[in-house]
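Report on one structure; see the data block that follows.
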């Protein structure tokens, strides 16, 4: 029996669906909000919230598990690992590391939601897309 196995399939094969959710989650953590279709936003919400829960734990095992679910790309900024401050350019007096999505997730986003018990994202409905009239949504970190 298939009790409690419902998931958003998005009319895609599993490998394609996993790649889509990985890229959507990565962009959500980079920009804080993304505009996508309603079906993709609803599928992304539990996926992203599970990753944020891992970031709240903050240990090495959680970091390695979260690395499986997002693309760890560089954002083009630099961050001080001790304080979590973000800079646009490297400076000579401070030791800065390149800001990646995983570092941002664990140093900034994980600490931001440390006292919150879930509900890290919200979905706003937008007007339909002009080309095919599909429902659009804005998903953002709270």
So which pairs qualify, if the first residue must be in segment 11-24 and farther than 11 Å from residue 70 by Cβ, the second must be assigned to a helix (DSSP H, G or I), the Cβ gap must be under 7 Å, and the two must be at least 6 apart or on different chains?
12/20
Options 54, 44, 138; residue that is at pLDDT 90 or above, outside any loop (DSSP other than H, G, I, E, B) and out of contact with any strand residue (DSSP E or B) (no Cβ under 7 Å at 6 or more places or on another chain):
54
Can you tell me which of (1) at pLDDT 95 or above; (2) more than 10 Å from the chain's Cα centre (by Cα) is the one residue 4 doesn't meet?
(1)
Would you mind telling me which numbered condition in (1) closer than 23 Å to residue 21 by Cβ; (2) more than 14 Å from the chain's Cα centre (by Cα); (3) not in a helix (DSSP H, G or I) residue 78 fails?
(1)
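This table checks each residue for (1) surrounded by 16 or more Cβ atoms within 10 Å (Cβ to Cβ); (2) over 19 Å from residue 48 (Cα atoms).
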| site | (1), (2) |
| --- | --- |
| 72 | no, no |
| 75 | yes, no |
| 81 | no, yes |
| 85 | no, yes |
| 89 | no, yes |
| 93 | no, yes |
| 97 | no, yes |
| 102 | yes, no |
| 107 | yes, no |
Cβ-Cβ distance below 7 Å, separation of 6 or more or different chains: which pairs start in segment 47-61 with a residue that is on the phi < 0 side of the Ramachandran plot and end on one that is surrounded by fewer than 16 Cβ atoms within 10 Å (Cβ to Cβ) and assigned to a helix (DSSP H, G or I)?
54/65
Determine if segment 65-76 includes at least one residue that is touching a residue at least 40 places away in the same chain (Cβ under 8 Å) and over 30 Å from residue 6 (Cα atoms).
yes
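The values are calculated or read from the model by the stated rules, or taken from the named source; none is laboratory data. Computed from a predicted structure; not experimentally measured. We place every Cβ from the backbone using ideal geometry, glycine too, and count neighbours over all the protein chains shown.
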